[in-house]
Amino acid sequence: MSGPLLHLGATVTCSHGGQAVPTTPSTRVLLSGQPAVAQASPWTVAGCGFTPPTGNGPCVSATFVVAATRVLIDGVPAVLQSSTSVCAPTGTPLIPVQAQTRVIGI
């Protein structure tokens, strides 16, 4: 799995259209002038359009469960555009729509 590394300014949505933002991006590594995101950073989701009649409600947060294998940020794997994530409480993935294209990781 390879792809562009995600940064604070990347466009990432939940499967239902909510906007996802990393809560603790790296302050030491910048990509296109924006802080890079490591796998350990939790993400918050705002504006999720999922309203089930019963059950688990809209996406509120997310974590990346699979990230880069060869690129580390402060000793933690970097998040790639092709990385795998899980939203809570729905269990659906985040969708990285747009990211910087200058730095590619594996």
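Worth a mention:
- Across the chain, C-alpha contacts under 8 Å between residues 6 or more apart give a mean separation that, scaled by the residue count, equals a relative contact order of 37 percent.
- With N as its number of residues, region 65-106 has a Cα radius of gyration that, divided by 2.2 N^0.38 Å, comes to 1.25.
- Per-residue surface analysis assigns Leu72 an accessible area of about 110 Å², computed on protein heavy atoms at 1.4 Å probe radius.
- Using only alpha-carbon positions in the chain, the gyration tensor eigenvalues give semi-axes of 25, 13, 12 Å once each is multiplied by 5 and square-rooted (largest first).
The values are calculated or read from the model by the stated rules, or taken from the named source; none is laboratory data. These numbers come from a predicted model, not from an experiment. Surface areas here come from the heavy atoms of the whole protein model, side chains and all, with no ligands, DNA or RNA. Shrake-Rupley method; radii C 1.70, N 1.55, O 1.52, S 1.80 Å.
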